[in-house]
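What follows is one structure encoded as structure tokens, with my remarks underneath.
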Amino acid sequence: MLNWSYLQEYLVKRRLNIAFLVVFLYIIHKIFDLHDKPFSFDNDMIGFGGFIIVLTGLFIRSWAAGIIAKNKKLTTVGPYSLWRHPLYLGSFLLAVGFCIILNDWFLWIIVCTLAFFLYHPKIKKEENKLSRLFPQEWKEYKKKTGFLIWQEFDLRKILYRWSLKQWLHHKEYNAWLAVTVVFVVIELWHFYL
């Protein structure tokens, strides 16, 4: 019998790989559907808008990865002073940007499904863990930050020192490499078909 809890934990741990693989395979599938082409990055405002959203997602992820100190202390500075989960917000923006670029309603369904089944449980589990590790700090932090929209704006906290060493430790370069690969595939698709 399938253990749903084990399967969910497995999928949540590998959520980035799964999301990238699903989107990449979907792009490959779309390449062979000669009727559809993605929006162009260079001469199409919608495609350019999607490109900007992808870059915004990468920036937010990189900003967060260069500041977070997982499980050592509750990170409340940098993007964490604005949003409780900037890494997930950045990932979601990446997905939204690619949905716009690829101009496909079915991809929106895939992305929303992945977000709900892979990220939602992870966020809940993470928030429970943080509330156990840092009970009083978490309660105060949750009052001051929003999930997607910030509630307070403190420039001193936002401009907190970013660390390349921390960014490398969290292997955030993988997100940049994955996005580059997808952009190259999309541009080749646009150029050759």
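The values are calculated or read from the model by the stated rules, or taken from the named source; none is laboratory data. Here the structure is a predicted model, which means the values were calculated and not measured. Cβ atoms come from the backbone with ideal geometry, glycine included; neighbour counts cover every protein chain shown.
Checked against (1) on the phi > 0 side of the Ramachandran plot; (2) modelled with pLDDT of 90 or more, Asn103 meets all criteria but (2).
Could you check, for segment 78-98, whether at least one of its residues is under 19 Å from the mean Cα position of the chain (by Cα) and exposed (fewer than 12 other Cβ atoms within 10 Å of the Cβ)? Within segment 78-98, not a single residue is under 19 Å from the mean Cα position of the chain (by Cα) and exposed (fewer than 12 other Cβ atoms within 10 Å of the Cβ). Among the residues that make up segment 42-65, is at least one of them in contact with a helix residue (DSSP H, G or I) (Cβ under 7 Å, 6 or more places away or on another chain), at pLDDT below 80 and not basic (Lys, Arg)? Within segment 42-65, not a single residue is in contact with a helix residue (DSSP H, G or I) (Cβ under 7 Å, 6 or more places away or on another chain), at pLDDT below 80 and not basic (Lys, Arg). Residue pairs whose Cβ atoms lie under 8 Å apart, separated by 6 or more positions or on different chains, with the first residue in segment 143-159 and under 21 Å from Gly66 (Cα atoms) and the second aliphatic (A, V, I, L, M), are Thr145/Leu82; Gly146/Leu82; Leu148/Leu89; Trp150/Leu82; Phe153/Leu82; Lys157/Val77; Ile158/Val77; Ile158/Leu82. The sole residue among Glu137, Glu152 that is at pLDDT 90 or above, over 20 Å from the mean Cα position of the chain (by Cα) and surrounded by fewer than 20 Cβ atoms within 10 Å (Cβ to Cβ) is Glu137.
Kindly establish whether Lys157 is surrounded by 15 or more Cβ atoms within 10 Å (Cβ to Cβ) and over 23 Å from Gly97 (Cα atoms). Yes: the conditions hold for Lys157.
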